[in-house]
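Below is one structure, written out as structure tokens; comments come after it.
The values are calculated or read from the model by the stated rules, or taken from the named source; none is laboratory data. Predicted model, so just to flag it, every value in this text is computed and none were measured. Every residue, glycine as well, gets a Cβ built from its backbone with ideal geometry; the counts of neighbours run over all protein chains shown. Areas reflect the complete protein model, heavy atoms only, side chains present, ligands, DNA and RNA absent. Shrake-Rupley method; radii C 1.70, N 1.55, O 1.52, S 1.80 Å.
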Amino acid sequence: MESSEETSKNGKEGLKSHNRRRWRKDKCKASRILQSMDLRTMTQSLVTLAEDNMAFFSSQGPGETARRLSNVFAGVREQALGLEPALGSLLSVAHLFDLDPETPANGYRSLVHTARCCLAHLLHKSRYVASNRRSIFFRTSHNLAELEAYLAALTQLRALAYYAQRLLATNQPGGLFFEGDEGLTADFLREYVTLHKGCFYGRCLGFQFTPSIRPFLQTISIGLVSFGEHYKRNESGLGVTASSLFTSGRFAIDPELRGAEFERITQNLDVHFWKAFWNITEIEVLSSLANMASATVRVSRLISLPPEAFEMPLTSDPKLTVTISPPLAHTGPGPVLIRLISYDLREGQDSEELNSMVKSEGPRILELRPRPQQTSRSRSLVVHFHGGGFVAQTSKSHEPYLKSWAQELGAPIISIDYSLAPEAPFPRALEECFFAYCWAVKHCALLGSTGERICLAGDSAGGNLCFTVALRAAAYGVRVPDGIMAAYPATMLQSAASPSRLLSLMDPLLPLSVLSKCVSAYAGAEAEEHPNSDEKALGMMGLVRRDTSLLLRDLRLGASSWLNSFLEFSGQKSQKTSAPTVPTESMRRSVSEAALAQPEGPVGTDSLKILTLKDLNLKSSSETSETPEMSLSVETLGPSTPSDVNFFLRPEDAREEAEAKEGLSAKDSSSGVSNAFPVGFHPRRTSQGATQMPLYSSPIVKNPFMSPLLAPDNMLKTLPPVHIVACALDPMLDDSVMFARRLRALGQPVTLRVVEDLPHGFLSLASLCRETRQAAELCVERIRLILTPPAAPPL
């Protein structure tokens, strides 16, 4: 008996293992197709297979399933044939926007690559259908649903390709950001935000990324929609119930329903929701689990810097000093929190002066254990600014990879816990980061460093702060860091369109509406009111801890009855107080069908207002004296006459691009955005209504300390060597490319490394897979270059 049971158990485990290997093998086939075929060959192969499958299913009688399969392959054929010329035209000029021949990366290339990924998956699926359509094991419904989802994605990608052509025809030579007049900009954005997005968040979720990332993205999407349902119930005062858990279960097993809900959340929920969701990693249980898998360090302490002014010597004349005032904007003077991380206990790190500033974190303070031996001070220091869209996360969220950095670099790291928007908008975070940087330079001995080499490092919003802190240090005349390592930084805090930002239509980690809400909050345009005074008093992290504990409790209590309630749901009648039960068949209907059923009338009539790059030129200060004017406030910098902001190509490249533009059809060169699409092509529109995407009219967005890409040349020339690590599929890629191009044109030392097939925020996923580990190692390598003293010239 025992032997039989053991054999059965081993057989089941073997089957599961076989299925996992088969899943990984299928996921890699599309990647091999992508690498082995050029665009035209791939398109021709797909069209041939689509026609063959279409003819087969058309001959299978009048059945509904056969008809839908025939129609979906007809749609694949139509969209592939229409997409191929548009992608070809973009590829023909994409090289003009690269930093250099060794760095072939920009939004046009990324858009073409993403479309080719979709074509490759459809080609793989079409081959599978052609080979297995006669088999009795052929899963008709599953394959139909996947084909319909990818057809919807292909249709939307074709629309994005036409939008990219519109950008190419409208922008100035060499410019990646949309620079049309205000009316055309409003038309473009109004048109763009009405596109259907749910197809990218269901079965197609993460198709453009490396296969190792996709299971993680699926987990995140399920968690997001479940958290969104929970968030809605909290707003209405209902709390967590078995009904809410049941709804979350449906999202877990229904990709189409999950995609529609994901789209609704990204378009409609405010910045406070994203603040709460992104801060889930701050919960003690989750942060402890993350730290268990990270390197063990001797020192990890939270330090509170007192809001006291101090003097810093000027680099031009160390005998003269300048006063570094504590942060004052919005909330008045207050302490600045920094986290000190060091692999070894170094001299100064256990001094009485530093111990007096340590802020207790409860049990976490036990991470610092007295050591009999002390290591000498390091020659280097890394100052880190975390990402999180300026609205979420702290150094605790980024602590796991920072511990690895401390071990690999052999240098202490301080990470700044700057105040977050919308409660503390610009320039509060910049003031706190600059204050902490200056304090660290002055007191580096307490941090276990001699301060010979100092590197600024940050990701996303933190990358933006790296540049702006360095610019402010130069403006004050104090020591500028020896270099900057910025991972996927945001350098243009505008809702201006660019080829890479078109990818935000499908990016599950950085949708355009979410990006806009975060930047709006940082700019001070986001409302700060909470609907419930008790929740406001509790605070966002208190809400997250309370709600998560309730969720885990009810998960434990309701797990045993969840499955039965789900199976019985379709047969139950709705109660008086609940909404009518949706029929199972309509629940399973794909999002693409639902989107096709929506009317295609105008979505709204409100005009959108947005600033263009032409409005954001700053007055050159080249005529002023070299001595920084310390009375100039970063909050009062405003627009002025056009300056030396240069977004243009070399003359020979400009001529080549102009010739390419002349090749565009008349409709692509016309002013109307609706004319971007050829006759007969209609992209799918969202069923969630118009996106409430905030656009900014405040002069503060013209400030180079908020959008460093817009800084005049004389400011950018003060930056130290810059090393940027960007993602090819990141909506913020063009921020990195354009910033690197500006620095290169000024003769500033800059490098740009672009990693393939990874999403925005890969540093927080460093331990997830081999690809993210390699990308994180690249960041460490760039920091090491900065911390390594330059070799002395030979005698």
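Taking the 1.4 Å solvent-accessible surface of region 91-167 as the whole, the part contributed by carbon and sulfur is 51%.
Taking only protein heavy atoms and a 1.4 Å probe, the accessible area of region 432-475 is 51% carbon and sulfur.
For region 702-795, averaging the sequence separation of C-alpha pairs within contact (under 8 Å, six or more residues apart) and dividing by the residue count gives a relative contact order of 24 percent. Going through the cross-link list 396/517; 442/717; 275/403; 125/396; 319/403; 197/717, which pairs have a Cα-Cα distance over 32 Å in this structure? Table pairs above 32 Å Cα-Cα are 125/396; 319/403; 197/717.
If you take all other residues with their beta carbon under 10 Å from the beta carbon of residue 196, and give Lys and Arg +1 and Asp and Glu -1, the sum is +2.
The residues neighbouring residue 463, those whose beta-carbon lies less than 13 Å from its own, together hold a net charge of -2 under the Lys/Arg +1, Asp/Glu -1 convention.
If the segment from residue 65 to residue 717 were pulled out straight at 0.36 nm per residue, it would be longer than the present Cα-Cα gap by 228.4 nm. You can think of it this way: the chain between residue 253 and residue 130 has 41.6 nm of extra reach, that is 0.36 nm per residue less the Cα-Cα gap. Report the local net charge at residue 726: Lys and Arg +1, Asp and Glu -1, summed over other residues whose C-beta lies under 10 Å from its C-beta. After counting each charged neighbour, the total is -2.
Potential lengthening of the chain between residue 781 and residue 330 amounts to 158.6 nm, from the contour at 0.36 nm per residue minus the alpha-carbon distance. Peptides 418-431, 265-278 ranked from most to least packed, by the mean per-residue count of other Cβ atoms within 10 Å: 418-431, 265-278.
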